[in-house]
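Notes follow once the structure below has been shown.
The values are calculated or read from the model by the stated rules, or taken from the named source; none is laboratory data. From a predicted model like this one, the values you see are computed outputs, not experimental measurements. All Cβ positions, glycine included, derive from the backbone under ideal geometry; neighbour counts span all protein chains shown. Surface accessibility is based on the protein's heavy atoms, side chains included, excluding ligands, DNA and RNA. Shrake-Rupley method; radii C 1.70, N 1.55, O 1.52, S 1.80 Å.
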Amino acid sequence: MDAIVVTDSVRVPATALTMRAVRASGPGGQNVNKVASKIDLRVDLDAIEGLTDPARHRLRALAGRRIDADGRLQITSQVTRDQSRNLEDAREKVRALVAAALREPKRRRASRPTKAARERRIESKKHRSTTKRLRGRPGDEA
């Protein structure tokens, strides 16, 4: 199995990958009970080369429940009835997940409402207050 190249500097070495073929669920007729076409790909996250610590933390957060007890990322694919295409799909899922972890999220800049927006809000509150006040019976005003 070849290494998964994410960028020029980041790659998942072949030694970090463990592949297992298991029987898939779903359609496939009699073939589904005989052929192991589902791919269970496990990736040792600590062995990924060129990943910074913040990116590694983002990767663990993105992986979520897909991390097993040994701390490895578990990716499965049973999209097709062909084992080799499922392997390529699983490898693409790993590449996409690592690539997503490399992107640093944009920092949120604190903003304040404009003066016009504040005035519109107060005006709508006054309007709503007037509407509700007029719902009572005449003479009930306090």
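What trypsin sites (Lys or Arg not before Pro) in segment 66-132 are in a loop by DSSP, with at most 11 other Cβ atoms within 10 Å of the Cβ?
For trypsin sites (Lys or Arg not before Pro) across segment 66-132 that sit outside H, G, I, E and B with at most 11 neighbouring Cβ atoms in 10 Å, the list reads Arg103, Lys106, Arg107, Arg108, Arg109.
Mind putting a number on the dipole of the chain about its Cα centre? Charges go on the C-beta only, +1 for Lys and Arg and -1 for Asp and Glu, and I need it in Debye to the nearest 20.
1500
Dividing the Cα radius of gyration by the Kirkwood radius, what Rg/Rh value follows for the chain?
1.40
Over the chain, what is the mean sequence separation of C-alpha contacts under 8 Å (at least six apart), divided by residue count, expressed as relative contact order in percent?
For the chain, the relative contact order is 21 percent.
Which is farthest toward the positive dipole end of segment 59-118 among Ala90, Ser111, Gln74, measuring Cα position about the Cα centre, with Cβ charges +1 (Lys, Arg) and -1 (Asp, Glu)?
The Cα lying farthest towards the positive end belongs to Ser111.
Would you mind computing, in nm to one decimal, how far apart the modelled labels at Thr15 and Asp53 are, each placed 7 Å from Cα along Cα→Cβ?
2.3
Suppose all protein chains stay in the model; what accessible area per residue would a 1.4 Å probe give for the chain, in Å²?
On a per-residue basis, the chain sits at 75 Å².
Take the alpha-carbon positions of segment 51-109, form their convex hull, and give its projected area averaged over all directions (one quarter of the hull surface) in nm².
Computed as one quarter of the Cα hull surface, the answer is 5.3 nm².
Give, in nm to one decimal, the length gained when the segment between Lys126 and Arg108 is fully stretched (0.36 nm per residue of separation minus the Cα-Cα distance).
That works out to 3.3 nm of additional length.
Return the carbon/sulfur percentage of the accessible area of segment 31-142, one whole number, probe 1.4 Å, all protein chains in place.
48
Considering only lysines 8 or more places apart in sequence, or on different chains, count the pairs in the chain whose C-alpha atoms sit under 29 Å apart.
Summing the qualifying lysine pairs gives 7.
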